[in-house]
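In what follows, a structure is listed as structure tokens, so that the remarks can point back to it.
The values are calculated or read from the model by the stated rules, or taken from the named source; none is laboratory data. What you are looking at is a predicted structure, and each value in this text was computed from that prediction instead of being measured. Heads up, the Cβs are rebuilt from the backbone with ideal geometry, glycines too, and the neighbour counts pull from every protein chain shown.
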């Protein structure tokens, strides 16, 4: 843990927070200890707030729709996975045996969840001001890429904006099927509009499958 603290540039006062943030549910189930899911829940909100605050302050002339799209591209699973590589996060996640064998250490859903949990742990241990400073530092390149337009597309947001433009109802997403063992799930997601399935696509996480399904729906529309 000391090595990881050096990577992120912060030494925890409460070491248990960091350990919990790095503990995946697969490891927790094997060892009968707590996992990082509650911290992930909190970190998701902290991440969203700091990102929204930064974009609101930096892009004073931008409208809500543009800001929402930028925020979505920054906080999505793939974005957090890419950012996590800067601190070599995947190396330090505590995984169960099956999850390790199944490639969980390089699975974007696992790593991005751990990133949110680490952010929450920093927030609880050091406060909002330091959490903001830390996050803006580690995400500095991502912010600049987003503002300059060099981010991966967020098809869910694009689909919603298109539906608003043509005055249609909001699309919803539902799991059509789920297969594979816990450490290597595969999801099929359907995009539904007014009770009709617009598109169906798969992915190794629900977020990935939703993006793929939204992309197909956009093409059809």
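So if I check each of 128, 124, 136, 119, which one is under 15 Å from the mean Cα position of the chain (by Cα) and modelled with pLDDT of 90 or more?
Numbers: 128 fails: under 15 Å from the mean Cα position of the chain (by Cα); 124 fails: under 15 Å from the mean Cα position of the chain (by Cα); 136 fails: under 15 Å from the mean Cα position of the chain (by Cα).
Every option except 119 fails the conditions.
Tell me which residues, restricted to the range 27-38, are out of contact with any strand residue (DSSP E or B) (no Cβ under 9 Å at 6 or more places or on another chain) and surrounded by 14 or more Cβ atoms within 10 Å (Cβ to Cβ).
Start the filter on the range 27-38 by keeping residues that are out of contact with any strand residue (DSSP E or B) (no Cβ under 9 Å at 6 or more places or on another chain), which leaves 29-30, 32, 37-38.
Within the range 27-38, 29, 30, 37 qualify.
May I ask you to list the residues in the range 53-77 that are buried (at least 18 other Cβ atoms within 10 Å of the Cβ) and either touching a strand residue (DSSP E or B) at 6+ places or on another chain (Cβ under 9 Å) or in a helix (DSSP H, G or I) (or both)? Steps first, answer last, please.
Filtering the range 53-77 down to residues buried (at least 18 other Cβ atoms within 10 Å of the Cβ) leaves 54-55, 69-77.
Result: 54, 55, 69, 70, 71, 72, 73, 74, 75, 77.
Are any residues in the range 1-26 surrounded by 13 or more Cβ atoms within 10 Å (Cβ to Cβ) and part of a loop (DSSP other than H, G, I, E, B), and if so, which ones? Break it down stepwise before answering.
Residues of the range 1-26 that are surrounded by 13 or more Cβ atoms within 10 Å (Cβ to Cβ), as a first pass: 4-5, 7-8, 10-12, 15, 17-26.
Residues satisfying the conditions are 10, 11, 12, 22, 24.
Can you name the helices (runs of 4 or more DSSP H) wholly within the range 102-199 that have at least 2 residues being in the same structural domain as residue 8 (by TED's automatic domain parsing), free of Cβ contacts under 8 Å to residues at least 24 places away in the same chain and surrounded by fewer than 19 Cβ atoms within 10 Å (Cβ to Cβ)?
Details: elements: 108-126, 128-138, 140-148, 155-165.
Fully inside the range 102-199 and qualifying: 128-138, 140-148.
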